[in-house]
Each structure stands twice: as C-alpha cells, then as structure tokens.
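Please treat every number below as a calculation from the coordinates, not as lab data. Quantities reported herein were computed from a predicted structural model and do not represent experimental measurements. Every residue, glycine as well, gets a Cβ built from its backbone with ideal geometry; the counts of neighbours run over all protein chains shown.
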Amino acid sequence: MSASTSSPRDRRVSTRIGSIAESATLKVDAKAKALKAEGRPVIGFGAGEPDFPTPDYIVEAAVAACRDPKNHRYTPAGGLPELKKAIAAKTLRDSGYAVEPSQVLVTNGGKQAIYEAFAAMLDPGDEVIVPAPYWTTYPESIQLAGGVAVAVLADETQDYKVTVEQLEAARTERTKVLLFVSPSNPTGAVYTADEIRAIGRWVEDNNLWVLTDEIYEHLVYDGVETGSLPVLCPYLADNCVIVNGVAKTYAMTGWRVGWMIAPTDLIKAAANLQSHATSNVANVSQRAALAAISGDLSAVDEMKVAFDRRRKTIVAMLNEIDGVYCPMPTGAFYAYPSVKGLLGKPIGGPDGSVATTSAELSEIILDKVEVAAVPGEAFGSPGYLRFSYALGDDDIVEGITRLQKLFA
Ligand code: PMP
C-alpha cells in the first residue's frame, strides 16, 4: 500500500457520525451544572426539563415494579402490551385521536421515536422541511437517517410560525416529510386550529408525510384554541407520525419513556430497527409510565399554573431590557427573545466586551453574571437566546435582574 493511501482504519470516525454536532442544549446545561458544582451561583435557564419531582404515585409504581421479577427480564422490543394499550387510551382521552395498540411503539424517550421515525421514512437524499427556529435534535436525526433537513425560518415578526406560502416555497421533488411541532421548543409558539388545518391541507395536497411532535401538548396557555394535527386533519391518518412521551407532562425526563404512533407498516419497520438497536425500554420505566398515563392530569395542571406565572414574569422582565424583544409564548416552558439589539455594543460600560453573535453573548453572560441560556445558533436562528422558565420563581427574578443590570 502506498503511503499516500489511507487505510479504512485511519479514517477513525465515520463521516456520517463525525458530522453530528453535540447537543448544544445539553452542552450549555452541563457547563452550568459543572460551574454550580464548583460553588458558583449559576442560574441555569438552559435545561429543557420541569424542575418538579416525578409525582409520588408514579415513583411508587416503579418501586413495586423493581420488586417483581417479571420486570427483570426482556420484554417485547416494541413495548409492554399493557402500556401500548394505555397509550392508545390516553391518546383518545387527551387529543380525541383513536388508534389501535398496534399503531404504538414505546421508545427510549421521544428522541428515539424521532430518530426511528426518520430512519423508517427516509431514503438517502429525501428532504424534510423543518420550521426554524427548530429543536436542535431534528436536523441531526434527519441527517443521521440519510435525509436532508430544509430549514424554513419564521422569526419573531410572525410569532415564530411558518406559513403555507413559506412551506410551498421550500418544497421540491425530493420533499417527503414535514416536521411539525406545536407547542414549540425553542420558541413556545402554538399554532391555532385554523393554522394547523391549513398546513395539514398543504401536506395532503402534496402527498407528504408529517411528523407531529406533541410532547408539550398539555402546556398551552391563554386558552389558545389548538389541537392534534391528525384530529383536525383526519384525512392525514395514513401519512402521519405522532411523537409524544411522559417527560414533560409528568416531570419524567430521566425515566426515558416516549412513543411513536403511526400506521402499522411504519411501526413495524421502526420496531424492527429498535429490536436490534436497544430492545425494550427498561421495564421499570415502562411500568412508571403506565402508572403516569393511567392516572389523571392533576400533576401537569399544577405545574402549568407555576409555568404560566413564571412565563409572564420572565417575558415582562426580558422586555424591560433595551435591545431585547420577546414575544409572549403561549406554550411549552421557553421564552425566545431576539437579542439582536444587544450585539455589536459594549456590555457593562464603555470598556465592556462586545458580542457580535448570540453564541458569544451567551458565553459573556455566563462568564460575567453567571446566567446560562442557549444561543439561537443551536436552533438554526442566530440572534436569539432561549431561556427555559422551568426553574424557581426567585431564580428567574434573580437571573433576569442580573441581565438587566449588566445591560443597563
Ligand atoms: N420533542 C421536543 C420538542 C423536546 O423539546 C424534547 C425534549 N427536549 C423531546 C421531543 C424529547 O424528549 P424525551 O426524549 O426526553 O422524551
């Protein structure tokens, strides 16, 4: 072999995996947690998780499940039959969408459902239209599945919601799927029922698939009239994938239980993939999820009251900062202000450092006032910061007060 030819082993990491970026949200969160562990008074607005513990009745179900030897063994890769049945019942109860347990696949969090759905739908080069600002995992999982993510930007002037005209302008012969999420991470935007109907009609007219991420379904404020896409557009049932899970609704991010609901051919394909990749989700977690969704919605109703209060506080305080503009989000637990007015100017007095991008700005605020927020670069929209308001009321006030003083 000549010296100039590299052997397969020299290309140590595959191009496919080597091109995947680390999750920026997890990175900011990890940095904030590490600084906190050193004793620094960091206020972390980075994490996308409720600050409440998992409700007791769910934890008790898990404790009981640990003690039962039947849960110590492998179970069907696609999920416990009783959990699939409960997911179908919960879906009918909460969104009015009737599905069979055979249309359900239980996954290791919503994340695995998203990856497996794209892997099951996409051939190399197939395009997925992804409204931006987008949750950082979508384009990476599309790329991992061999597809191409085509971002369509909707900024604060349109409340971060894409229009059918924008979608149509992005459509090509290779478009196969529309990614849809409402309420949205990172913007908190919620599409109205009429907006969803218009988008659903466009999906149908163009023979596309739609993947709708409903993980924040119960966190909608101000009485916005909205709904589940396949309920509002029933003709899409055969071309629709729903992603959901217990993480946000029951404060169960660490338990890792999500699911996909789709036509049975897609479920079968995704379940085959899962049977080789990870097999069944941990049985104890599945039993906990079963208890969660079989119970009522009082836990999420309580969290929602707190989130609603914090939402109003953080948005009002952010808008008091000169150079920041934050539309009022009506869902999830994120505020997504434009910080374009803060860029290019000295921070903290005439000799202060200047941020030219939101990525630099997020580093400066972490260094100077120990406030962690995720830069818009992570969501395909530089010029913004994402603040999760799933943290204590006092911490929110303290953190944003620090920013108000820094930018005064
Ligand atoms: N979808 C969206 C929009 C999310 O924000 C998240 C969590 N950040 C998920 C799906 C996945 O959640 P999990 O994998 O924890 O179930």
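Observations on the structure shown:
- Mean Cβ neighbour count within 10 Å, used as a protection proxy, ranking 375-385, 396-406 highest first: 375-385, 396-406
- Distances between placed amide hydrogens fall under 5 Å for Thr107 paired with Gly258, Trp259, Met260, all partners being 5 or more residues away or on another chain.
- Antiparallel DSSP beta bridges within the chain, percent to nearest 5: 45 percent
- For the stretch 78-92, Karplus couplings with θ = phi - 60° (6.51, -1.76, 1.60), whole Hz, Gly/Pro x: x, x, 4, x, 5, 6, 4, 5, 5, 5, 4, 5, 5, 5, 5
- Between the amide H of Ser353 and those of Ile347, distances stay under 5 Å, these residues lying 5 or more places away or on another chain, with hydrogens modeled in the peptide plane.
- Cα gyration tensor shape for the stretch 204-322, rounded if a/c is under 1.5, else prolate or oblate: oblate
- Converting phi to 3J(HN,Hα) with the Karplus coefficients 6.51, -1.76 and 1.60 and the offset θ = phi - 60°, the stretch 333-350 yields 9, 10, 10, 10, x, 6, 10, 4, x, 9, 7, x, 10, x, 10, x, x, x Hz in sequence order, with x at every glycine or proline.
- Every helix of 4 or more DSSP H residues in the chain counts as -39500 (n - 2.57), and over all residues that averages to -12500 deg cm²/dmol at 222 nm.
- Dipole check for the chain: with +1 at the C-beta of Lys and Arg, -1 at the C-beta of Asp and Glu, and the Cα centre as origin, the magnitude is about 1180 Debye.
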